[in-house]
Amino acid sequence: MESASKALLIAGSVLIGILVVSLGVYLFVTFGQNAREVEQRNAEQQLAQFNTTYTVYQGRNDLTIYDIITVVNQVKENNGKYVDITDNRRITVNVTGSGLTDGTNLQNKPNSVLDGWLKDDIAFIESDPNQELPHYTCSGINMLNGRVSVINFVKN
């Protein structure tokens with residue numbers, strides 16, 4: 001009888017141990033799933049915030065050279081984080097009809113090119129006091145894997 005009661009105590013202890021371990025595994029899996037969901041939501045939120053930096057210009061036709069230079073500088077800062085030139089997180093800025101001999105890949109142009117472009121636009125309005133700075137339209141933003149990859153501007 002004494003050994004039967006010890007056997008029951010041991011069996012009970014084993015069952016309680018199994019319950020505690022099962023509870024631990026269940027909590028570990030549940031917290032792990034919650035952590036992954038939170039991490040995924042944070043990544044989506046960061047991507048949306050990143051894209052918003054550039055998508056605010058989409059469809060606008062009242063942009064000036066200053067807006068484009070702002071975008072180019074933001075893109076240069078972004079691209080500076082990614083050394084590999086084939087990295088799909090790099091962004092390209094293109095402008096057509098701007099008077100630049102080659103308005104593509106502005107993010108790779110030296111600041112002197114952008115300064116010359118700005119001076120040309122300023123000279124244009126200084127030649128006639130009734131003129132305004134030329135306006136540009138953001139004609140399109142291309143996405144790659146849900147992330148801004150190309151920004152296109154057209155001179156109005």
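Residues that are surrounded by fewer than 10 Cβ atoms within 10 Å (Cβ to Cβ), under 13 Å from the mean Cα position of the chain (by Cα) and not assigned by TED's automatic domain parsing to the domain that holds ASN142: does region 76-90 have at least one? Within region 76-90, not a single residue is surrounded by fewer than 10 Cβ atoms within 10 Å (Cβ to Cβ), under 13 Å from the mean Cα position of the chain (by Cα) and not assigned by TED's automatic domain parsing to the domain that holds ASN142. The condition (being closer than 29 Å to ASP115 by Cα and either free of Cβ contacts under 8 Å to residues at least 24 places away in the same chain or among the hydroxyl-bearing types (Ser, Thr, Tyr) (or both)) is satisfied by just one residue among THR30, THR55: THR55. Within this structure, ASN79 fails the test of being at pLDDT 90 or above and either touching a Leu at 6+ places or on another chain (Cβ under 8 Å) or over 26 Å from ASP120 (Cα atoms) (or both).
Looking only at residues of region 99-156 that are among the hydroxyl-bearing types (Ser, Thr, Tyr), farther than 20 Å from ASN79 by Cα and under 24 Å from the mean Cα position of the chain (by Cα), we find that the one that is surrounded by the fewest Cβ atoms within 10 Å (Cβ to Cβ) is SER139. Which residues, counting only those in region 1-52, are surrounded by 10 or more Cβ atoms within 10 Å (Cβ to Cβ), polar (S, T, N, Q) and either at positive phi or over 36 Å from the mean Cα position of the chain (by Cα) (or both)? The answer is SER13, SER22. The strands (runs of 3 or more DSSP E) falling completely within region 59-156 that include 2 or more residues that are among the hydroxyl-bearing types (Ser, Thr, Tyr) map to 92-96, 136-144.
The values are calculated or read from the model by the stated rules, or taken from the named source; none is laboratory data. Please read these numbers as outputs of a predicted model, since none were measured by experiment. Cβ atoms come from the backbone with ideal geometry, glycine included; neighbour counts cover every protein chain shown.
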